[in-house]
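The values are calculated or read from the model by the stated rules, or taken from the named source; none is laboratory data. All figures in this text were calculated on a predicted structure; none of them were measured in a lab. Here the Cβ positions follow ideal geometry from the backbone for every residue, glycine too, while neighbour counts run over all protein chains shown.
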Amino acid sequence: MEVLPGVAEACARLREGGFALVVVTNQPDVARGRVSRNTVEAINDFLRRQLPIDDIRVCYHDDADGCACRKPKPGMLLAAARDLGIDLGRSFLVGDRWRDIEAGRRAGCRTVFIDYGYDEPRPADFDFATDSLVGAAEWICAPSKPQRFDGRSDCSPG
């Protein structure tokens with residue numbers, strides 16, 4: 001397991017800008033019996049050690065389970081916002097699949113699509129597209145963005 005180049009720096013930049021960093025991830029392979037829950041939790045522990053993440057929310061269900069947490073439903077985002085005091089209307093969802101972008105839209109976030117060129121449907125509607133988390137952080141932190149929940153207008157430490 002390795003963190004992609006630039007991800008740690010992008011996370012640090014967002015953190016310095018006053019953003020809470022929350023990972024919301026679908027892990028249906030647990031429900032399908034392809035991966036153990038312990039394996040997913042070990043991966044998440046690795047990420048917590050490597051990156052300044054505030055929280056990781058995981059949906060272990062498959063589509064047929066009909067849960068409220070599996071993206072594109074916004075359940076994980078709504079729960080994280082409630083538990084961490086996050087204003088979703090002033091937040092950004094960054095994701096690389098249509099389900100991520102749709103969950104962000106349903107939760108009231110602005111959305112950034114990281115296009116890795118997957119052979120699957122692209123999201124229909126997003127605020128910005130890029131090819132990396134570095135590009136996403138640069139766009140989010142641009143001074144022309146609206147003020148965030150912490151009241152600062154840019155991502156410079158303050």
Can you pull out the helices (runs of 4 or more DSSP H) entirely within region 1-99 that have at least 1 residues that are free of Cβ contacts under 8 Å to residues at least 12 places away in the same chain and among the small types (Gly, Ala, Ser)?
37-50
In the set 70, 82, the lone residue that is over 20 Å from residue 51 (Cβ atoms) and in contact with a strand residue (DSSP E or B) (Cβ under 6 Å, 6 or more places away or on another chain) is 70
Within region 19-45, can you find the residues that are surrounded by fewer than 16 Cβ atoms within 10 Å (Cβ to Cβ) and of a type in the set (Ser, Thr, Tyr)?
36, 39
How many residues, within region 97-108, are out of contact with any Phe, Trp or Tyr (no Cβ under 6 Å at 6 or more places or on another chain) and buried (at least 19 other Cβ atoms within 10 Å of the Cβ)?
8
Within region 4-18, how many residues are surrounded by 13 or more Cβ atoms within 10 Å (Cβ to Cβ), at pLDDT 95 or above and more than 24 Å from residue 82 (Cβ to Cβ)?
6
